[in-house]
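Asker: Got a structure for you, questions after.
All of the numbers you see were taken from the coordinates with simple rules; none came from a lab. Predicted model only: the values in this text are computed from it and were never measured. Methodologically, a virtual Cβ is constructed for each residue, glycine included, from the backbone with ideal geometry; neighbour enumeration extends over all protein chains shown.
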Amino acid sequence: MISLADLQRRIDAGDLTADAAIAQSRAAIAAHEKSIGAFVCHDPNVRAQSTGPLRGIAVGIKDIMDTQDFPTEMGSPIYRGFRSRGDAAVVMLLKQAGASVIGKTTTTAFASLDPTPTLNPRNHGHTPGGSSSGSAAAVAAGMIPLALGTQTGGSVIRPASFCGVAAIKPSYRLLPTVGVKCYSWTLDTVGLFAVGVDDVARGLSAMTGRPELLLPPSISTPRIGVVTQDFAGAPDASGAEAVRIAIAAAERAGASARALTLPEIVAEAWRAHPVVQEFEAHQALAWEYRENYDAMAPLLRERLDESKGTTPAAYDAAMGIATRAQHALAKLFDEVDVLLTLSAPGAAPRGLGSTGDARYNRLWTLMGVPCVNVPALIADGGLPVGVQVIARYGDDAGALNAARFVEDALARL
């Protein structure tokens with residue numbers, strides 16, 4: 001894989017030119033794309049920008065984000081060949097930081113359920129996850145050092161876990177969603193994929209202009225609360241083992257870790273998430289659903305069919321539960337610095353018929369809190385399994401710091 005942090009250090013030291021760094025990604029795409037299928041389209045002639053902290057960094061953009069230089073097809077024939085006149089806000093943030101947009105990565109239709117043809121680089125017989133399938137796979141396959149995805153349920157953290165890369169779903173609205181195809185305006189969150197936690201932190205810091213997101217030379221020892229989300233059902237053996245290993249590594253490195261029980265209102269919020277998501281999806285995708293019904297991807301169309309009777313009263317009640325749960329969750333962080341929990345039920349499922357289960361992700365998306373995936377285990381078949389580190393709303397720096405602590409602790413096992 002290509003480390004963003006390593007490229008930056010070599011470019012800053014004069015050991016590597018920005019153009020040579022971009023050439024590495026072009027060559028890697030030429031070597032691996034045919035076997036992985038992570039890109040919808042890419043530019044084999046893209047060049048480096050001359051200035052900015054991300055000069056020499058080739059970035060893949062999930063294909064639900066507007067790009068002036070490439071079509072934005074959203075994984076759907078409804079938008080085949082569609083080109084926007086400008087870039088999404090997050091794409092411009094990357095360009096302003098000096099990054100080179102090398103192409104559009106695959107997405108499930110409108111970032112929902114229907115799988116893409118993208119293969120998992122770790123084991124081609126298994127899903128890379130979704131909906132940010134191409135972004136996770138492109139980083140894991142060593143084609144690019146940074147990619148953007150989105151999460152409405154679990155579409156950043158879960159594919160990162162399945163593909164064995166770091167990722168962050170930042171605090172709600174830390175990154176703007178202007179120019180990103182909406183599924184649920186309460187939930188949609190732009191996230192980043194990279195090789196490791198330092199790489200993710202550097203990318204997010206450069207995009208936002210927030211130096212406090214960069215990792216400090218010395219990482220403080222966190223107080224960790226372990227939550228199993230029993231209301232979401234039992235994990236697979238590999239998921240449970242990933243959490244066990246991560247806790248053991250963190251404790252051996254000096255962290256305190258203790259089990260926490262989430263308040264009942266938080267469990268209610270987990271059950272409320274689909275109500276919020278689908279009620280808003282019916283409005284965000286109203287034109288596509290009503291005017292292009294037959295062209296809608298079948299799993300997404302079925303989900304919308306099943307949820308079209310959701311009433312405004314049910315939505316308002318779900319939003320009320322979410323607000324109360326956010327207040328209750330905030331109080332837990334008076335006791336601990338971060339939470340540690342499952343990134344996915346386990347390793348990536350076999351086959352490409354499903355992108356996996358988001359049941360361990362959707363609560364945190366509704367809560368709006370920052371989540372970082374840290375690879376923790378290699379299961380049977382060479383399949384990675386991650387854990388997610390979660391901080392209070394707005395404490396993205398704290399989430400990244402604690403995730404780096406866990407990452408370093410795991411590396412010492």
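Asker: Based on alpha-carbon centroids, what's the gap between segment 245-310 and segment 16-43 in Å, whole number please?
Answerer: 33 Å
Asker: What residues qualify as long-range amide H neighbours of residue 256, i.e. H under 5 Å apart, gap of 5 or more or another chain, H built at 1.01 Å from N?
Answerer: Answer set, sorted by chain and number: 224.
Asker: Now for a different question. I need to check one value: relative contact order of the chain, counting alpha carbon pairs closer than 8 Å and at least 6 residues apart, in percent.
Answerer: 20 percent
Asker: On to the next question. Once you have the Cα-Cα distance between residue 408 and residue 241, take 0.36 nm times their residue separation minus that, and quote the gain in nm to one decimal.
Answerer: Once the chain is fully extended between residue 408 and residue 241, it gains 58.3 nm.
Asker: Around residue 110, under 13 Å between beta carbons, what's the net of Lys plus Arg minus Asp minus Glu among the other residues?
Answerer: -3
Asker: So for each of 342-349, 168-175, 379-386, 46-53 I average, over its residues, the number of other beta carbons within 10 Å; can you give me the resulting order with the highest mean first?
Answerer: Sorting 342-349, 168-175, 379-386, 46-53 by mean packing, highest first, produces 342-349, 168-175, 379-386, 46-53.
Asker: Okay, next question. Name the shape class, rounded, prolate or oblate, that the alpha-carbon gyration tensor gives for segment 277-321, where a ≥ b ≥ c are the square roots of its eigenvalues, rounded holds for a/c under 1.5, and otherwise prolate holds if a/b is larger than b/c and oblate otherwise.
Answerer: prolate
Asker: Sticking with this structure for a sec: Length gain on complete extension for the stretch residue 173 to residue 230, per 0.36 nm per residue less the alpha carbon to alpha carbon distance?
Answerer: 17.7 nm
Asker: Turning to a different aspect of this structure: Using the Kirkwood formula on the Cα atoms of segment 166-295, what hydrodynamic radius do you get, in angstrom to one decimal?
Answerer: Hydrodynamic radius (Kirkwood, Cα pairs) of segment 166-295 is 18.3 Å.
Asker: Rounded, prolate or oblate: which fits segment 266-413 when a ≥ b ≥ c are the square roots of the eigenvalues of the alpha-carbon gyration tensor, with rounded for a/c under 1.5 and prolate only if a/b beats b/c?
Answerer: Oblate.
Asker: Could I ask something else about it? Considering only C-alpha atoms, what is the centroid distance from segment 112-191 to segment 81-109, in Å?
Answerer: Using only Cα atoms, the two centres lie 14 Å from each other.
Asker: With the cut-off at 1.5 for a/c, could you classify segment 4-213 from its C-alpha gyration tensor as rounded, prolate or oblate?
Answerer: rounded
Asker: Let me ask you something else. According to a simple spin-label model (label point 7 Å from Cα along Cα-to-Cβ), what is the distance in nm between residue 324 and residue 264?
Answerer: 1.0 nm
Asker: May I ask for the net charge around residue 221, where only other residues with Cβ less than 13 Å from the Cβ of residue 221 are counted and Lys, Arg are +1 while Asp, Glu are -1?
Answerer: Neighbour charge sum, excluding residue 221 itself: 0.
Asker: If I model a spin label at residue 31 and residue 331 as a point 7 Å from the Cα along the Cα→Cβ vector, what separation in nanometres do I get?
Answerer: That separation, rounded to one decimal, is 5.5 nm.
Asker: Still on this model: Hey, got the Cα dimensions of the chain along the principal axes, in Å, largest first?
Answerer: Its Cα atoms span 57, 54, 40 Å along the three principal axes.
Asker: Grab the beta carbon distance between residue 251 and residue 218, set R0 = 25 Å, and tell me the FRET efficiency rounded to 0.05.
Answerer: 0.80
Asker: Can you name the helices of the chain, as whole DSSP H runs, whose Cα span along the helix axis is 20 Å or more and whose Kyte-Doolittle mean is not below 0.5?
Answerer: What comes out of the filter, once short or polar helices are dropped, is 237-252.
Asker: Output wanted: per-residue J couplings in Hz (rounded whole) for segment 190-196, from phi through Karplus 6.51 cos²θ - 1.76 cosθ + 1.60, θ = phi - 60°, x for Gly and Pro.
Answerer: Once θ is set to phi - 60°, the couplings for segment 190-196 become 7, x, 10, 10, 7, 5, x Hz.
Asker: Just want to confirm a number: the relative contact order over segment 4-213, from Cα pairs under 8 angstrom separated by 6+ residues, in percent.
Answerer: Result for segment 4-213 is 21 percent.
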